[in-house]
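Remarks on the structure that follows.
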Amino acid sequence: MNRISSQQRKLVYLIAMGLLLAPIVYFGAPGDGSDDSGGQLSQLRSEYDLGETSLGNVDPASATMNLVLLGLRGIASNMLWGQAVEQKDQKDWAGLRATVDSIVLLQPHFKQVWEFQGWNLAYNVSAEWDGVADRYEWVKEGAKFMIKGSDRNQKYPELAWETGRILGQKIGRADEKKYFREYFLDDPTREGGGPDPDVNPDGKDNYLAAKDWFVRANEVEDQPGISQSRLARVLFRSYPVRSQIDYADTFQSEGKFDEIERIREAWEVASTELRNDWGSERFMTPAGAIILEANDEALEAIVKEEGERFSLAEKREWVNRRQNMSNYRYWRLRCQVESEEETINAHRNLFLGKRALIDRGDVVEAERLLTEGMVAMEEILSEWPELEQEDNFREECLKAVVLWRGAKQAQGKDVPADFPLRNLWDSYPTEAAEYTELFRTLYGG
């Protein structure tokens, strides 16, 4: 048996070690942060957004760091979640901010962390403050947190959608919405004013900024292999046009009637996007694909394309179901009606009549404006009677009648037996009585 020398054995061992290390280096070499750096595993982590760039901004002497170093990242995160709840209860806002940062550094790809904590900051923590500007600051913190989560997890459409919801609904529908919407365009905490570039880099209305995020959510959801768990797909895909509708509606709700063409344009954009984007998109049903903006010709084309596996009648049935689920026909009608100049002027007269009565006590001018608005609304309802079922439209009309009656009574005039919107008034006696009592409570009479 041939014997090899000690020196030869060492040389063989070194060669074997080199051969074993080569694939480890090839596959496991760390990257420098760029997509093409490092070994194959590092590049795959970068491609699929699974890499961890930090152990977290955790106190190195803390029990949490001890758990992290032992590989118990999940337990460490649980401890931080409990600490965040305690800090919120104790109103330790600086500590809460630091703890939340630590949580996301430990769990940067856990979607629920971003969803829960972003919502917590924008809704729960902001409500703990008395000053409107302070509340807005924490709403912004929630939005910034969600934006960061969306940027770091670009395959979760829910995070972009939640960002849009904070910018749209929280800022646009909160009790403080008048101030929040103003702050979104002119932030009181910024030296020199203007919007905060972290949440509104383009200086847009909050609803249009929200629309951009909803569009982004839809683009992510469009990618192969990606889905969302937030809503039925037909509803999830509606939010860009719903934000455009919310934007158009602000002209009326805030009394911005100086630029009628701008109002019409906002509603026409909503109408076009509703029909051509959301309404023309295909949605899968048990009867195959359908579109919301459907006619028999379009449905027959889909039937043929699918090899006539489903009948035209089945397609119609599922179109009707999805339209009912999404309230599609109402939104289509709303965009059509609101883009008419007559409707815009009717809203304008009712709004100005209310302001004349409540703000200035000008009962004569109030009666004139309210009468003109009520006549126009009656004509609109005669053309589109289904609007009577729409809560906001009906409420506006009934409240206008209450104000009109108040203006006449303030002048010592009797309310005539017949007046514009009388049929609507008689059809909803409970609501009419509620609005009448509310008016008496607030303004007497």
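The values are calculated or read from the model by the stated rules, or taken from the named source; none is laboratory data. Computed from a predicted model, the values in this text were never measured in an experiment. All Cβ positions, even for glycine, are placed from backbone atoms using ideal geometry, and neighbour counts span all protein chains on display. Side chains are part of the model used for accessible areas, which takes the heavy atoms of the whole protein and leaves out ligands, DNA and RNA. Shrake-Rupley method; radii C 1.70, N 1.55, O 1.52, S 1.80 Å.
Suppose only helical runs count, i.e. DSSP H with n ≥ 4. What mean residue ellipticity at 222 nm does that imply for the chain under -39500 (n - 2.57) per run, divided by all residues and rounded to the nearest 500 deg cm²/dmol? Working shown, then result.
On the way: 21 runs with 283 residues, N = 445.
Estimated from H runs of four or more residues: -20500 deg cm²/dmol.
Rounded to whole Hz and in sequence order, give me ³J(HN,Hα) for region 424-437 from the Karplus expression 6.51 cos²θ - 1.76 cosθ + 1.60, θ = phi - 60°, writing x for Gly and Pro.
So the J values, rounded to whole Hz, are 5, 4, 6, 6, 10, x, 5, 5, 4, 5, 4, 5, 5, 5.
For the chain, give the percent of accessible area contributed by carbon and sulfur heavy atoms, probe 1.4 Å, rounded to a whole number.
Carbon plus sulfur share of accessible area: 50 percent.
Taking region 175-223, how much of its Cα-Cα pair set, in percent, is spaced more than 12 angstrom apart?
Working: 761 of 1176 pairs.
Of all Cα-Cα pairs in region 175-223, 65 percent lie more than 12 Å apart.
Using a 1.4 Å probe, what is the accessible area per residue for the chain, in Å²? List each step's numbers first, then the result.
Numbers: 23810 Å² over 445 residues.
Computed with neighbouring chains in place, this is 54 Å² per residue.
Taking region 391-445, how much of its Cα-Cα pair set, in percent, is spaced more than 13 angstrom apart?
Numbers: 866 of 1485 pairs.
Above the 13 Å cut-off, region 391-445 has 58 percent of its Cα pairs.
Could you point to the label whose value was computed as Kirkwood radius over Cα pairs in Å for the structure here, given (i) 24.4; (ii) 26.7; (iii) 22.7?
Among (i) 24.4; (ii) 26.7; (iii) 22.7, the one calculated here is (ii).
Just the number, please: Stokes-Einstein D of region 106-180 in µm²/s, Kirkwood Rh from C-alpha pairs, 25 °C, 0.890 mPa s. Numbers along the way, then the final one.
Values: Rh = 12.3 Å.
This corresponds to a translational diffusion coefficient of 200 µm²/s.
Report the gain in length on full extension from ILE358 to LEU312: 0.36 nm times residue separation, minus Cα-Cα distance, nm rounded to one decimal. Walk me through the numbers on the way to the answer.
Details: separation 46, 0.36 × 46 = 16.56 nm, distance 5.56 nm.
So the chain would gain 11.0 nm between ILE358 and LEU312.
Tell me the accessible surface of MET79 in square angstrom (1.4 angstrom probe, heavy atoms of protein chains only), to the nearest ten.
Its accessible surface works out to 80 Å², give or take rounding.
Just the Cα atoms of region 123-274: what Rg and Dmax do they give in Å?
Using the Cα atoms of region 123-274, the pair Rg, Dmax is 15.7, 48 Å.
Order 414-425, 125-136 from most to least packed using the mean count of other Cβ atoms within 10 Å. Display every interim value, and only then the final one.
On the way: 414-425: 13.0, 125-136: 15.8.
My ranking of the peptides, most packed first, is 125-136, 414-425.
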